[in-house]
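Just below is one structure, and these are the notes that go with it.
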Amino acid sequence: MGIWDCGVRNSMVRLRISDCGVQNSKVRRPPIIRTSNSTIRNFPWIFLLFLGCSYSFKGGTVPPHLKTVAIPVINDASGYGDPSLRDDFTRELTQRFLTDATLELADRSSADAVLEGSIVDVRDAPNVLEGGENVSQRRITVRVLMTFNDLKLRKKVWEKEFSNYGDYPSGGGLSQRQEGLRDAVRKLTEDILNDTVAGW
């Protein structure tokens, strides 16, 4: 004699068939769904294909065919008026890549990729105001437009605008202003390095 739940679901109470008033009748069992071994084996691949539609390479590494990069002198189109800015920016950027060592520096004629760009804007403006509209701190914001090209595959990988800043005390003099500018350049070059070697 079988066991039946009398239509009572989500319950631990189970009765004999005779208790449900079902006698000398055929009990219909739920159909059994059979799955072939090949379907089970292929399921992980089907699942991965589904995920592939929204897969992102962010946070990946540089493709293996890119081992060297050229960094020409950065152009200065900001009109800021500091003749050393482009050289200082280029020096800081190349030093970042030397320290990181993911991509080796090379001449453009032999490099696998090239990273080039232009300083498009430098702004110096009040940042912190004290009582009575007195400025206690100023902020220098630098914007650059950078392009990373794959010379092996002859294609542009990305073109992006980066912006960052450095603060310095108001009335601190030229040396402190330059330190604020250097701070902005340090942050910018770190952002550019990160996007180049880890933004895939």
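Read the figures in this text as sums done on the coordinates, not as results from a lab. Keep in mind that this is a model prediction, so the values were computed, not measured. Please note: Cβ atoms are built from the backbone with ideal geometry, for glycine as well, and neighbour counts cover all protein chains shown.
Extending each Cα 7 Å along its Cβ direction at ASN75 and THR102, get the distance between those two points in nm, one decimal.
The answer from the label model is 2.6 nm.
Can you tell me how much longer the chain between HIS65 and ALA125 gets when fully stretched, taken as 0.36 nm per residue apart minus their C-alpha distance, in nm with one decimal?
Working: separation 60, 0.36 × 60 = 21.60 nm, distance 4.39 nm.
Difference between extended and current length: 17.2 nm.
If Lys and Arg each add +1 and Asp and Glu each add -1, what is the summed charge of the other residues whose beta carbon sits under 14 Å from the beta carbon of VAL73?
Computed value for this residue: -3.
Do any GluC sites (Glu not before Pro) in region 117-200 lie in a DSSP loop with no more than 12 other beta carbon atoms within 10 Å, and if so, which?
In loop regions of region 117-200 (DSSP not H, G, I, E or B), the sparsely surrounded GluC sites (Glu not before Pro) are GLU130, GLU133.
Say each of LYS156 and SER118 gets a label point 7 Å from the Cα, pointing the same way as Cα to Cβ; how far apart are those two points in nm?
Once both label points are built, they end up 1.2 nm from each other.
Grab the other residues whose beta carbon is less than 12 angstrom from that of ARG96, score K and R as +1, D and E as -1, and report the net.
Working: positive: ARG91, ARG186, LYS187; negative: GLU92, ASP100, GLU190, ASP191, ASP195.
Local net charge: -2.
Averaging sequence separations of C-alpha pairs under 8 Å and six or more residues apart, then dividing by the length of region 117-187, give the relative contact order as a whole percent.
Taking the mean separation of contacting Cα pairs over the length of region 117-187, I get 28 percent.
Counting other Cβ atoms within 10 Å, which trypsin sites (Lys or Arg not before Pro) in region 113-200 have at most 10 and lie in a DSSP loop?
Sites meeting the loop and neighbour criteria: ARG154.
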